[in-house]
Amino acid sequence: MLIGMLNKGVLALNIPISGLRRRVLLTKIMEWNLRYCILDAMFDKNFRIKHEFKHDPEHLRKRLRILAAANLLVSPFLMAFLLIYFFMRNAEQFYHHPSSVAARDWSPYARWRLREFNEVGHLLSDRLGFSRDAASKYVAQFPTPIVRQVAKFVAFVSGSFAAMVLFLAIVNDVLMERHLAGHNLVYWGACLGVVLAVSRSLIGEGVPVFDPEDAMTKVAKHTHFMPRHWRGRAHTREVQEQFERMYSYKALLFVEELASVFLAPYILAVSLPRCAEAICAFIRNNSINVSGIGEVCSLAQFDLERHGSRRYGGPSTVTREHRSRQGKMEKSLVSFATTYHFWEPPHRLQRDVLDSVHSHVPPQHQGESILRTLDERTSRSAAGSSEFGWSQVGNFATREVHNRCRNVSIQGSLLPPSGDIGSCSRAPSPSLLVHNEAPRELLDVGSAVERLALAQTALQNVYHNADLTKPSA
């Protein structure tokens, strides 16, 4: 539900500070509050959504304001908890890798924004983990000269003094016991080493060849996120700033987490109550009852007739109010079919979208169905084929992945052992799979990410030449 709300822009989570209003504050604290106040509280004991969460915005406003007051009361304790938690989690890493303080990572908001419908957490982590190198290379396309010059100066000074301390230790180790400003030289040598490592990490490894479009394409290969206003504009300052808000310094993310202790009450009491009607309307219009499960978000059912976008293969009759933005529904469908190879799409429109991906591969690989039967996959696995048992993007993607993995000595299969194939003969629904995560042993991480990237690249190529002058989907 939260993924759909962020995709539709329902939640007002911007920081209420001048100059930072474009930055979205979705930290762990805000996520806990949203879960407690909305996402978990909306269900009754039968997993049906309560009436007040669909038709009573005033009730939701009251809950948000009560929770804001509770956050304000416990904010000192939350601050102490976060400081202790951060120290216990990162002390060992910072001790062994001081340069990690200047490292970047995807923000919590980016993780939820990039997460696809029915995507489980560990698969998202794998996918974003493979995108970090490409994301770092894109950020490195835009160095900050002032930061680099200051970092070089600090590295030179700290390195000089560290070398002096090391020289004194070689000449006479007794000198290391001498005190300077209340501490011995061993202490100052350790501090200088940390400063040197951090400053060197800020300097970087030099400026790469300036090609931001290629770098952004490599990032989108794994994130599956390429807004229309980013296409062809990866070199602009606007796109760079938007990307860096999603792929930020870890130290800045921690500062945001601390700041959210005091900003969360304001957002809960002022910002979110203003969009209470939009939240209730989203829950009311995007929830359906599934037999045996309860009410779920209709976006999780891959209902292309209701939420598809014509620019990505969906029907043209879907209204702007209901369709997903930036083709997220179609991208999620391709990702789901790629990951859960034993799942057979139950609806014709879903099969048409997957077939359209196959129809746009190179001509020499066309003419083969994008969906093979389970019996064909079973016989392939039983025969011990060295090719991957993956059917969702046709032989083109299968051969491409096989060739790539053969070049780097990676072999594997996404199919379970031949004796367990029968358990997959009845494909579960997407909603069932999101509640019961796929067994880790069914997935080979490297090959899964490779296949998913190929599938998403094919989908992007299908509709890449769409008329960009029309309103965004």
### Message
Any residue at all in the range 285-292 that's at pLDDT 90 or above and out of contact with any Ser or Thr (no Cβ under 8 Å at 6 or more places or on another chain)?
### Response
no
### Message
If Arg178 meets every condition in (1) of a type in the set (Lys, Arg); (2) more than 24 Å from the chain's Cα centre (by Cα); (3) modelled with pLDDT of 90 or more apart from one, which number is that one?
### Response
(3)
### Message
Return the pair list, or none, for Cβ contacts closer than 8 Å from residues in the range 266-294 that are without any contact (Cβ under 8 Å) to a residue 24 or more places away in the chain and among the aliphatic types (A, V, I, L, M) to residues that are surrounded by 17 or more Cβ atoms within 10 Å (Cβ to Cβ) and assigned to a helix (DSSP H, G or I), at least 6 apart or on different chains.
### Response
Ile288/Ser298; Ile288/Gln301
### Task
Look at the range 32-44 and say how many of its residues are touching a residue at least 60 places away in the same chain (Cβ under 8 Å), among the aliphatic types (A, V, I, L, M) and not in a helix (DSSP H, G or I).
1
### Query
Which of the following residues is at pLDDT below 90, in contact with a Leu (Cβ under 6 Å, 6 or more places away or on another chain) and surrounded by 12 or more Cβ atoms within 10 Å (Cβ to Cβ): Val186, Val165?
Val165
### Query
Looking only at residues in the range 295-304 that are in contact (Cβ under 8 Å) with a residue 60 or more places away in the chain and assigned to a helix (DSSP H, G or I), which one is most open to solvent (accessible area, probe 1.4 Å)?
Gln301
### Task
Determine whether the range 269-283 contains at least one residue that is in a helix (DSSP H, G or I), among the aliphatic types (A, V, I, L, M), assigned by the TED database to the domain that holds Ile29 and in contact with a Phe, Trp or Tyr (Cβ under 7 Å, 6 or more places away or on another chain).
yes
### Query
Of the numbered conditions (1) touching a residue at least 40 places away in the same chain (Cβ under 8 Å); (2) open to solvent by 50 Å² or more (accessible area, probe 1.4 Å), Ala234 satisfies every one except a single condition; which is it?
(2)
### Message
Where the second residue is in a loop (DSSP other than H, G, I, E, B) and the first is open to solvent by 20 Å² or more (accessible area, probe 1.4 Å) and lies in the range 5-31, which pairs have Cβ atoms under 6 Å and are six or more apart or on separate chains?
### Response
Ala12/Cys275; Asn14/Arg21; Arg23/Ile15; Val24/Leu13
### Query
Name the residues in the range 195-217 that are touching a residue at least 60 places away in the same chain (Cβ under 8 Å) and surrounded by 16 or more Cβ atoms within 10 Å (Cβ to Cβ), would you?
Ala197, Val198, Arg200, Ser201, Leu202, Gly204, Pro212, Ala215, Met216
### Summary
Being closer than 20 Å to Val219 by Cβ, among the hydrophobic types (A, V, I, L, M, F, W, C) and open to solvent by 30 Å² or more (accessible area, probe 1.4 Å) narrows Trp106, Trp112 down to just Trp112
### Query
What about Lys54, is it out of contact with any Lys or Arg (no Cβ under 9 Å at 6 or more places or on another chain), basic (Lys, Arg) and either modelled with pLDDT under 90 or over 30 Å from Ser131 (Cβ atoms) (or both)?
no
### Query
Considering the range 305-341 alone, what residues qualify as being aromatic (Phe, Trp, Tyr) and either modelled with pLDDT under 85 or surrounded by 21 or more Cβ atoms within 10 Å (Cβ to Cβ) (or both)?
Tyr312, Phe336
### Query
Do the conditions hold for Thr223, that is, is it modelled with pLDDT of 90 or more, within 24 Å of the chain's Cα centre (by Cα) and farther than 15 Å from Tyr109 by Cβ?
no
### Task
Go through the range 132-162 and give me each residue that's open to solvent by 80 Å² or more (accessible area, probe 1.4 Å) and either of a type in the set (A, V, I, L, M, F, W, C) or on the phi > 0 side of the Ramachandran plot (or both).
Ile146, Val150, Phe153, Phe156, Phe161
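The values are calculated or read from the model by the stated rules, or taken from the named source; none is laboratory data. Remember, predicted model here, so these are calculated numbers, not experimental data. We place every Cβ from the backbone using ideal geometry, glycine too, and count neighbours over all the protein chains shown. Calculation scope for accessible area: heavy atoms of the full protein, side chains included, ligands and nucleic acids excluded. Shrake-Rupley method; radii C 1.70, N 1.55, O 1.52, S 1.80 Å.
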